[in-house]
Every structure is written in C-alpha cells, then in structure tokens.
1. Across the stretch 101-112, what is the number of residues that are surrounded by 13 or more Cβ atoms within 10 Å (Cβ to Cβ) and either within 13 Å of residue 168 (Cβ to Cβ) or free of Cβ contacts under 8 Å to residues at least 40 places away in the same chain (or both)?
2. Could you list all residues from the stretch 34-46 that are part of a strand (DSSP E or B) and either at pLDDT 95 or above or loosely packed, with under 14 Cβ neighbours inside 10 Å (or both)?
3. So, in the stretch 59-80, of the ones that are hydrophobic (A, V, I, L, M, F, W, C) and either at pLDDT below 95 or part of a loop (DSSP other than H, G, I, E, B) (or both), which residue ends up surrounded by the fewest Cβ atoms within 10 Å (Cβ to Cβ)?
4. So which of 91, 75, 82 ends up being among the aliphatic types (A, V, I, L, M) and closer than 24 Å to residue 171 by Cα?
5. Restricting attention to the stretch 81-120, which residues are outside any strand (DSSP E or B) and polar (S, T, N, Q)?
6. Considering the stretch 149-168 alone, what residues qualify as being in a strand (DSSP E or B) and farther than 19 Å from residue 53 by Cβ?
7. Quick test of your reading of the structure: residue 52 fulfils all but one of (1) basic (Lys, Arg); (2) in contact with an Asp or Glu (Cβ under 8 Å, 6 or more places away or on another chain); (3) within 30 Å of residue 158 (Cα to Cα). Name the failing condition by number.
8. On the given criteria, is residue 152 surrounded by fewer than 17 Cβ atoms within 10 Å (Cβ to Cβ), touching a Gly at 6+ places or on another chain (Cβ under 9 Å) and closer than 15 Å to residue 56 by Cβ?
Amino acid sequence: MRRLPVLFLLCGLAAVAQAQDGGYLGVSIGSFDYSESGDSGLPISDSAGAYRLLGGYQFNENYAIEAGWGTTEDLKETFRFLDPFFGDVSLTIGYDYEISMVRFLAFAPLSSMSIFGGAGYYDATINFSARIEDNSGVATFAEELGDDGAMVVGGIQFERDRITLRGEYEWLDAEGDVDATTLSFAVLFRF
C-alpha cells in the first residue's frame, strides 16, 4: 500500500515525458550583433556574447508561448582623432543590453525536428558609457537608456525525449538607425 503513491508518480512522469505539449525551461548562448549607421551620431558596429534564460509552454506540436530574460557582454567602438587644442583624442563608446521578452512561436514538425518562426515584444535596458581621453586627462559618462518594440525569430530545433536543442536567428525592431540581431543556440528541458 505504501508503494502505490510511488507507482502513480512514476506513471505520471512517464506520461509527461511522452507528451509534446507542456512546460519547458532552458538556457541559450549566442552572439548579439549591433550596428548604428551614425545618422544621429558616430557609426558603431560590434558583436558581443549574449546569454538568456527561457521558459515557455507548448500548447501542442504547432504552437508555443515563451518568455525570457537575457543580457549581453559589452559592445564597444573606439574613435581616435587629432584635435589642435587637446592633441590625440580617444573616444570609446560602449553599450550592454538587458532584455526581457515574450513571443509566440509556430512550429512545422518534421519527424524529430521542427522548423519554427515567431513574433513577440521585447523591453530592453541599455547601459550606455562613454570615455574620452586627451592631453588634459580622462572624462567618463554613463547613462541608462530604454528601448522596446517588436521582435521576429526563426530557427530549427531537434527534440530528444525531454531535451530540445535549438538554433535561432532573432531580429529586434530597435529605435532609430540601430540594427540589432542575435544568433544563438539553446538547450531546453521539458517537464
């Protein structure tokens, strides 16, 4: 009689393991590519590491909703020029992003893999920094900025029992003349 609850628990876990739908958690790592054409300032282009925690719920084999929080390493660009009054001047501009997002995904299942696409919304906190160095010394400036908007994602994923491996490309509709994309690899654990 004492083993009956354990038997029910094992049967429940086996049913969850076989199901396509249900919740999942995961992590992703990739490259965040940032470029600003310079129409409103200096042209900046750099790539940095991007890391994200993901959670979602797959309703069936075709649809899921997902939320995540991620961060990037520092994106930097350095400009050097000669000023008649200050001599050699070095200006370093840096950004790092902290991004929260929610998105809806649609899957086209093909045996043990799926092709997917989706759309959603992101909200980003951007830590901006500037450092200028010349003959008179060093000056620094920092400011916290915000950005939000639509996002589009597409990719492919491979499913094995309770683990899913995913590769994806994501585009953020950033404000102004900024182009921001992410190419990443994720591991998802289904429960």
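The values are calculated or read from the model by the stated rules, or taken from the named source; none is laboratory data. From a predicted model like this one, the values you see are computed outputs, not experimental measurements. Here Cβ is always computed from backbone atoms with ideal geometry, including for glycine, and neighbour counts include all displayed protein chains.
1. Residues that pass the stated criteria total 5.
2. Residue satisfying the conditions is 45 alone.
3. Here is the first cut: in the stretch 59-80, the residues hydrophobic (A, V, I, L, M, F, W, C) are 59, 64-65, 67, 69, 75, 79.
Within this subset, residues satisfying the condition of being either at pLDDT below 95 or part of a loop (DSSP other than H, G, I, E, B) (or both) are 59, 75, 79.
Details: 59: 11, 75: 22, 79: 13.
Here the residue is 59.
4. Values: 91 fails: closer than 24 Å to residue 171 by Cα; 82 fails: closer than 24 Å to residue 171 by Cα.
Every option except 75 fails the conditions.
5. 111, 112
6. 149, 150, 152, 154, 156, 158, 159, 160
7. Among (1) basic (Lys, Arg); (2) in contact with an Asp or Glu (Cβ under 8 Å, 6 or more places away or on another chain); (3) within 30 Å of residue 158 (Cα to Cα), residue 52 violates only (2).
8. Considered against the rule, which asks whether it is surrounded by fewer than 17 Cβ atoms within 10 Å (Cβ to Cβ), touching a Gly at 6+ places or on another chain (Cβ under 9 Å) and closer than 15 Å to residue 56 by Cβ, residue 152 comes out as no.
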